[in-house]
Amino acid sequence: MMEMLSYAITDLGNRIEIPIENLLTSKNQNQNIHRQFYKASEVFPSKPVNESDYRKLFIDIEGVRNCWLSIYEKTVHVNCLEDELSYDVNAFNHIDSTLKGEFELKGLYTVLVEFDPFDEEITPEEKQQKIDEIREKIRTKYHQNRNLCEDLINIEEIGAKPISVCANIEVENEANEEEVHAHVLFEIEKYFSPFPTFYGIKEMFAKGYTPDEIFDGPLLDNGFIDTEELAAADLRKEVRLSDLMKIIMNIKGVKLIQDISIGNCDDSEEQTNDWVICIKGDKKPILCDKSTFNYNKGVLPVNINDAEVDRFKKELEAATLEQQAKAKEDKKLDFPKGTYLETNTYNTIQNDFPDTYGIGQEGLSGRATTERRAQAKQLKSYLLFFDKILGNYFQHLS
């Protein structure tokens, strides 16, 4: 009896360990997993509630590479004598200073936008038209999601701070110098103005995020943005020469940096530190045309084919766009497909006892005595208690 009960309990334990998608699969298709539960995309997303959420919302708009929110400062002057308000600082000069005051309006914002690079062949008029269209999309998106008592005043293109980088770099003998130079330019531009990347659901899982973390905040059209990467893609306040050296040395094919320096492209600005350039105001650093890069293999200088450099650089940019496109296609978290395994099926353990007990489907022989038949029925009654418990467990599992 102990062996039979242990066998039944082992069967129950095995069924409990069945993958959850199989346990939740019903014989009735109308009661399967997708009808029993809400999707993560229906439960976790919310309207934007903080700066990070709004940045994600705007970066999701086509044509926006990155953006930042800043507080719009607006002073209101108060005439306490006549209960009047004015934006004009001189409006109440005729009032005694004890009867007037001022305060700053809260909840007003400016969005600073870094636009995606425009086609080189586009005309200035067409470029301005595209910028205006993107601004209107940002404003519309904001008003669809804004908090109460808040408003968006300005949408401005981020200003630029030109910086020159001059370097003499030794590359490996087998390296392609044009490809190396394309990587150097690409990585420096990413360092100057980092921008968040869109990821697919599988990539976010690979990063260690859980569904509630992945779908937290507004639901985007182009995939998911890593909140930590978004925070790191803030406006850079300084450019460090040591950072650039580390970036260049990590590029495949670079053997040695023989000499490197950074400087202001604006001659009117005095540079007081050869290792750090501070970025004042809301501006992003850009690589100016005063930058020079010289390459050599050993003691021999090498010439750079600019056309080849452009080709390699466009390939790097195209790979980024391709990754973005994949993220857009991989943003659904579907329910796993399970198999219905009839987990509620339970056959009495009495059928597994040896025939000599006489309690299985075959029963006792026709020659059994009345006493023997009574004993078999008594045993069946005793085992019925365990059958009831096991049957309940299997039914509850189902």
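The values are calculated or read from the model by the stated rules, or taken from the named source; none is laboratory data. Bear in mind that the values here come from a model prediction, so they are computed numbers and not experimental data. Here the Cβ positions follow ideal geometry from the backbone for every residue, glycine too, while neighbour counts run over all protein chains shown. Ligands, DNA and RNA are stripped out before the accessible areas are found, and what is left, the full protein with its side chains, is counted by its heavy atoms. Shrake-Rupley method; radii C 1.70, N 1.55, O 1.52, S 1.80 Å.
Tabulated data for the structure shown
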{"quantity": "Filter result for the condition that a residue is surrounded by fewer than 15 Cβ atoms within 10 Å (Cβ to Cβ), in contact with a Ser or Thr (Cβ under 7 Å, 6 or more places away or on another chain), among the acidic types (Asp, Glu) and under 30 Å from Ala40 (Cβ atoms), over Glu342, Glu229, Glu322", "calculated": "Glu229"}
{"quantity": "In segment 315-344, the residues that are farther than 21 Å from Asp212 by Cα and among the aromatic types (Phe, Trp, Tyr)", "calculated": "Tyr340"}
{"quantity": "Which numbered condition Gln350 fails, given (1) within 60 Å of the chain's Cα centre (by Cα); (2) assigned to a loop (DSSP other than H, G, I, E, B); (3) farther than 30 Å from Lys202 by Cβ", "calculated": "(2)"}
{"quantity": "Among the residues listed as Leu287, Leu316, Leu321, Leu341, the single one being modelled with pLDDT under 85 and hydrophobic (A, V, I, L, M, F, W, C)", "calculated": "Leu321"}
{"quantity": "Number of the exception - Ile257 against (1) open to solvent by less than 20 Å² (accessible area, probe 1.4 Å); (2) more than 15 Å from Ser164 (Cβ to Cβ); (3) not in a loop (DSSP other than H, G, I, E, B)", "calculated": "(1)"}
{"quantity": "Residue under evaluation Asp289, criteria (1) part of a helix (DSSP H, G or I); (2) open to solvent by 100 Å² or more (accessible area, probe 1.4 Å), criterion not met", "calculated": "(1)"}
{"quantity": "Qualifying residue in segment 93-114 (condition: free of Cβ contacts under 8 Å to residues at least 40 places away in the same chain and in contact with a helix residue (DSSP H, G or I) (Cβ under 9 Å, 6 or more places away or on another chain))", "calculated": "no"}
{"quantity": "Condition broken by Asn168, with the remaining ones in (1) open to solvent by 60 Å² or more (accessible area, probe 1.4 Å); (2) out of contact with any helix residue (DSSP H, G or I) (no Cβ under 9 Å at 6 or more places or on another chain); (3) within 20 Å of Lys290 (Cα to Cα) satisfied", "calculated": "(1)"}
{"quantity": "Which numbered condition Tyr142 fails, given (1) among the hydroxyl-bearing types (Ser, Thr, Tyr); (2) in contact (Cβ under 8 Å) with a residue 40 or more places away in the chain; (3) surrounded by fewer than 19 Cβ atoms within 10 Å (Cβ to Cβ)", "calculated": "(3)"}
{"quantity": "Some residue of segment 363-373 being in contact with a Pro (Cβ under 9 Å, 6 or more places away or on another chain) and not in a helix (DSSP H, G or I)", "calculated": "no"}
{"quantity": "Within segment 1-49, tally of residues that are among the acidic types (Asp, Glu) and touching a helix residue (DSSP H, G or I) at 6+ places or on another chain (Cβ under 8 Å)", "calculated": "1"}
{"quantity": "Close pairs from segment 307-319: first under 13 Å from Glu187 (Cβ atoms) and open to solvent by less than 50 Å² (accessible area, probe 1.4 Å), partner among the acidic types (Asp, Glu) and part of a helix (DSSP H, G or I), Cβ under 7 Å, at least 6 apart", "calculated": "Phe312/Glu178; Phe312/Glu179"}
{"quantity": "First in segment 375-398 and closer than 22 Å to Glu17 by Cα, second anywhere and of a type in the set (Val, Ile, Thr) and surrounded by 11 or more Cβ atoms within 10 Å (Cβ to Cβ), Cβ under 6 Å, 6 or more apart", "calculated": "Asp387/Thr348; Leu397/Thr343; Ser398/Thr343"}
